[in-house]
Amino acid sequence: MCILVIDLSYQSGSVFILDESQKVLGEIESPESCKLPSQIQTLISKQEKKIQAVAIPQGPGNFTPLRLGATIAITLCTILDVPLITFSPFLNQIDENQSRGTALLDARSGLSYYAEFSQEGGEVYLTPTTLREKNCEIPYQTCKKRLGFHIINLFKNKQFTEPKELKIEYVKTPR
């Protein structure tokens with residue numbers, strides 16, 4: 001099994017392919033948007049196993065990177081005839097052994113996206129995202145190990161999103 005993850009929640013995004021053991025089989029760090037489609041094509045063509053799903057964050061995050069990731073993912077799902085997995089970027093902060101806590105993501109302009117979470121049996125439950133007047137000191141970087149654990153669980157539980165029903169969560173109004 002291979003899952004293509006396109007995590008462009010923020011400008012420093014990451015694209016990588018996971019196998020069922022959460023091993024990263026190939027990756028593109030901080031991809032340039034103008035080169036991304038051809039870089040993904042090259043990444044996929046180097047794999048021995050067939051891509052079985054494409055995973056993207058549904059937000060919150062930066063408007064343009066989220067839209068770019070969604071467009072590429074929907075196109076790939078259609079071409080490859082594979083399911084779409086959507087996930088919250090907050091999963092990037094949630095260790096598989098944490099039962100509850102809070103997560104913050106930078107929303108710029110002195111604001112942070114905030115959500116509380118609880119986790120039971122591999123399923124994560126998040127409260128609705130809110131904005132807080134607080135700087136998030138930790139920059140967003142994709143933690144492939146944490147994110148991989150959650151994405152594999154979503155795949156195994158067949159928690160797929162119909163591409164036509166995809167709704168990106170911006171929280172902040174785009175400029």
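None of the figures in this text is laboratory data; all of them are computed from the coordinates on show. Note that this is a predicted model, so its numbers are computed, not measured. Counting neighbours? That spans all protein chains shown, and the Cβs are built from the backbone with ideal geometry, glycine included.
Data for the structure
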item: Of PRO31, PRO60, PRO89, the one that fluctuates the most in a GNM where the chain has Cα springs shorter than 10 Å; result: PRO31
item: Size descriptor, Kirkwood hydrodynamic radius, that averages inverse alpha-carbon separations across the stretch 32-116, Å; result: 14.9
item: Cβ-derived FRET efficiency at R0 30 Å, THR71 paired with LYS46, nearest 0.05; result: 0.85
item: Unit charges at the beta carbon, dipole of the chain: most positive-side option, LEU18, GLY101, SER30; result: SER30
item: With Cα atoms, 0 to 90° folded angle of helix 144-156 axis to the chain main axis; result: 70
item: Unit charges on C-beta of K, R, D, E only; dipole of the stretch 31-130, Debye; result: 400
item: Likely footprinting exposure, GLU96, GLU48, fewest C-beta neighbours within 10 Å first; result: GLU48, GLU96
item: The stretch 41-81: radius of gyration over Cα atoms, expressed as a fraction of 2.2 N^0.38 Å; result: 1.29
item: Alpha carbon centroid spacing (whole Å) that separates the stretch 21-65 from the stretch 68-95; result: 9
item: Number of Lys pairs (Cα under 19 Å; 8 or more positions apart or on different chains) in the chain; result: 14
item: Hz values of 3J(HN,Hα) by residue in the stretch 157-167 - Karplus curve (6.51, -1.76, 1.60), Gly and Pro given as x; result: 8, 6, 8, 9, 10, 5, x, 5, 9, 5, 10
item: Bridge type composition, the chain - antiparallel percent by DSSP, nearest 5; result: 75
item: Amide hydrogen neighbours beyond the local backbone of LEU111, cut-off 5 Å, H modeled; result: LYS134
item: Once the Cα gyration tensor of the chain is diagonalised, semi-axes √(5λ) in Å; result: 25, 19, 14
item: Leading residue at positive end of dipole, the stretch 1-151 (Cβ point charges), from PHE90, LEU66, GLN52; result: LEU66
item: GNM result for the chain, Cα springs below 10 Å: residue of GLU137, GLU116, GLU165 fluctuating most strongly; result: GLU165
item: In order through the stretch 46-60: 3J(HN,Hα) via Karplus (6.51 cos²θ - 1.76 cosθ + 1.60), integer Hz, x for Gly, Pro; result: 7, 7, 7, 8, 6, 5, 10, 6, 10, 10, 9, x, 9, x, x
item: Whole-Hz ³J(HN,Hα) from phi, Karplus 6.51 cos²θ - 1.76 cosθ + 1.60, for the stretch 83-89, glycine and proline x; result: x, 9, 10, 10, 9, 8, x
item: Net charge of neighbours whose Cβ lies under 15 Å from the Cβ of ILE17, counting Lys and Arg as +1 and Asp and Glu as -1; result: 0
item: Kirkwood Rh and Cα Rg combined as Rg over Rh, evaluated for the stretch 3-46; result: 0.96
